[in-house]
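One structure below.
Nothing in this text is a laboratory measurement; each read-out follows from the coordinates by a stated rule. All of these numbers come straight from a predicted model, not from anything done at the bench. A quick note on method: Cβ atoms are made from the backbone with ideal geometry, for glycine too, and the neighbour counts reach across all protein chains shown.
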Ligand SMILES: Nc1ncnc2c1ncn2[C@@H]1O[C@H](COP(=O)(O)OP(=O)(O)OP(=O)(O)O)[C@@H](O)[C@H]1O
Ligand SMILES: [Mg+2]
């Protein structure tokens, strides 16, 4: 286990009587690619600004490699930020932008030049080194912002939705690029995004946030396969949520009765006792439709809709009048194509695919 | 464009425009043309000559004009410099100082002097100076100029600073710059077009001021405008036209310079708009 780079302990931030963050506690280890993921307004930027030092906490503590940093202004914290709007200095060339932090740290002219050369080629901007930011494309500006923030070798790099201004193609390219840069430099990254695909594809661990609180922390697999609650289940990917009650908790898997009366087995992250009410969550791609009743976990209903989505076919299956499930089949076979709406169908649920959520 | 408010559709728009332009520029053109007149009279034309320009520098009044010009220039440079420094500090305080009580009142106070009739300011300044026993002379002119130049310097600096995203300062602060380094390496260069415009505006306003100067100048101290006025009182001579034309050229030069300074500087990179949250 490597060292802890950042440690947050019950961090809280109020703006007037509005609480933007509360009870935020987690640790980020050295060299980790850590992502804050959540909808707009959930407090991601606020949390980054607390770590960078642009805001002061209302409560709790932030430690950097074991030391409290609350009292330090941003220029005394060995932490750098890649701003969402890049904030490149318009009156300086690419080189001067990248060298700015080093000059401020008092590096000698020749040391600055050497390091800037290194950074310029690291982000592949050699031809553009003498240009002003206004003469660069969005993607190039992004690279300058990265190089500028990484040049002083910060202990932690904060990235606030750095890819959000780029087009899709460039964004996918930059994901790989960011991973490469993180591997090469070994800097701890705290990456903010509201794009789940970005989060899932790049992160070592993800903190899912909502309304100023951390909902769950874990690897991409953890949060997708074992969501902590309905918010996480719905925010990461798609899911079907069905109200349910636990009728037997004695075995390894819980036996749950759904609102429509059907009975399923589901798993939970937590100790659950009989009688617990909650929801069963099942991902659309973990279910298959069939005309005959399958073995194991299954439900039955009426096919009410079919939508062709290219790679997938999406089906809507009505269990009761006001309870409908989404089912997705990958478009490899023509199993689903043969089905017509209005027909009764059975849904087979993959082993270990149903989750019981308390809230 | 909303065609309903297109002024050009109104009857008489074009002749009215011509009339306004004529009233504005005809006197300037006449003065400029007649400054080149060879005649001693200011009404009859006798051919082109530069004799009145020579007269400014060599004629009987040349000594007086030289002194006055020197006074005007030194006062304008010092007043504009001081006013620009104060205005820059005020703009940073107003825009970056967060919100404080009486912020809009402060802004009104800074810009009000532009709207107060100058004669009121002149009388008030004179009364104030004599009340505190401040001896009238070059120094009193300088102090008065600094004060009334501040709002003129403030306007362009304030406008420029308002357009600068606060994230530049944050980025610099994040990259280990102290407050002073942020100001020196980042804010000053980005604000410089506004600062230069403010300085040039204050400079012209000071160079050109007559009413306040006339009130607060001591006996025997003249600036160019008061010297010209004194000279004109004894009858308008063509050398005054030549002198006015020179002043006009200087103003045009400075205004043009300030325009090009504003154009040449890089504008701040527009901050990127966030795309809509996607699913
Ligand atoms: N300076 C401030 N004063 C008052 N409220 C603020 C301030 N800064 C942020 N907030 C509020 O705090 C909440 C969290 O804001 P924050 O910018 O951290 O959201 P975010 O998760 O970064 O959202 P986005 O994805 O849109 O960038 C928002 O409701 C916002 O209105
Ligand atoms: Mg944000």
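Take residue A:324, project a point 7 Å from its Cα along the Cβ direction, then tell me which residues of the range A:217-259 have their backbone nitrogen under 19 Å from it. So the set is A:238-243, A:259. Going 7 Å from the Cα of residue A:179 along its beta-carbon direction, which residues of the range A:142-172 have the amide nitrogen within less than 13 Å of the resulting point? Inside the label zone: A:172. The angle separating the long axis of helix B:13-35 from the principal Cα axis of greatest extent in chain B is about 50 degrees.
For B:178, B:206, A:210, which order do you get if you count the other beta carbons within 10 Å of each Cβ and list the fewest first?
In increasing order of surrounding Cβ atoms, one gets B:178, A:210, B:206.
With the biggest extent put first, the Cα atoms of the protein assembly as shown measure 118, 65, 53 Å across the principal axes.
Along its three principal directions, the equivalent ellipsoid of the range A:238-357 from the Cα gyration tensor extends over semi-axes of 26, 14, 12 Å, largest first.
Relative contact order of chain B: 29 percent, from C-alpha pairs under 8 Å at least 6 residues apart in sequence.
Given R₀ = 35 Å, what would the calculated FRET efficiency be for residue B:95 paired with residue A:76, taking r from the Cβ atoms and rounding to 0.05?
Values: r = 25 Å, r/R0 = 0.72.
Plugging the Cβ-Cβ distance into 1/(1 + (r/R0)^6) gives 0.90.
In terms of other Cβ atoms within 10 Å, A:45, A:340 run from fewest to most in the order A:340, A:45. Between A:148, A:95, A:131, the Gaussian network model of chain A with springs among Cα atoms under 10 angstrom shows the greatest mean-square fluctuation at A:131.
Mean per-residue shielding of peptide A:78-84 is 4, counting Cβ atoms of other chains within 10 Å of each Cβ. Per-residue mean of foreign Cβ neighbours for B:9-15 is 0 (Cβ atoms of other chains, 10 Å radius). Between B:89, B:76, B:227, the residue with the greatest mean-square fluctuation in the GNM of chain B (Cα pairs under 10 Å linked by springs) is B:89.
The angle between the Cα long axis of helix A:168-185 and the longest principal axis of the Cα atoms of chain A comes to about 60 degrees, rounded to the nearest 10. Rounded to the nearest 10 degrees, the angle from helix B:103-115 to the longest Cα principal axis of chain B is 20 degrees. Figure legend: label point modelled 7 angstrom from the Cα of residue A:346 along Cα→Cβ; residues of the range A:286-304 with amide N under 13 Å from it are A:288-301. Applying 1/(1 + (r/R0)^6) with r as the Cβ-Cβ distance of residue A:247 and residue A:304 and R0 = 25 angstrom yields a FRET efficiency of 0.35. Per residue of B:175-184, other chain Cβ atoms within 10 Å of the residue Cβ number 5 on average.
Taking every DSSP bridge with both residues inside chain A, close to 75 percent are antiparallel. Exposure proxy for A:33, A:65: other Cβ atoms within 10 Å of each Cβ, ordered fewest to most, give A:65, A:33. If you take the Cα centroid of the range B:106-129 and the Cα centroid of the range A:1-72, the two points sit 51 Å apart. Evaluated at q = 0.10, 0.12 Å⁻¹, a Debye calculation over the C-alpha positions of the range B:103-254 (equal weights, vacuum) places log10 I(q)/I(0) at -0.51, -0.69.
Could you tell me which of rounded, prolate or oblate describes the range A:214-282, using a ≥ b ≥ c as the square roots of the eigenvalues of the alpha-carbon gyration tensor, with rounded for a/c under 1.5 and, failing that, prolate when a/b is larger than b/c and oblate otherwise? Judged from the Cα gyration tensor, the range A:214-282 comes out prolate (a/c at least 1.5, a/b above b/c).
Of all DSSP-defined beta bridges confined to the protein assembly as shown, some 75% are antiparallel rather than parallel. Sorting the Cα pairs of the range A:4-230 by distance into bins of 10 Å, from 0 upward, gives 8, 33, 36, 19, 4, 0 percent per bin.
Which residue, A:159, A:48, A:72, has the most motion in a Gaussian network model of chain A that connects Cα atoms within less than 10 Å? Among A:159, A:48, A:72, the largest GNM mean-square fluctuation belongs to A:72.
Considering only Cα atoms, the convex hull volume of chain B works out to 227 Å³ per residue.
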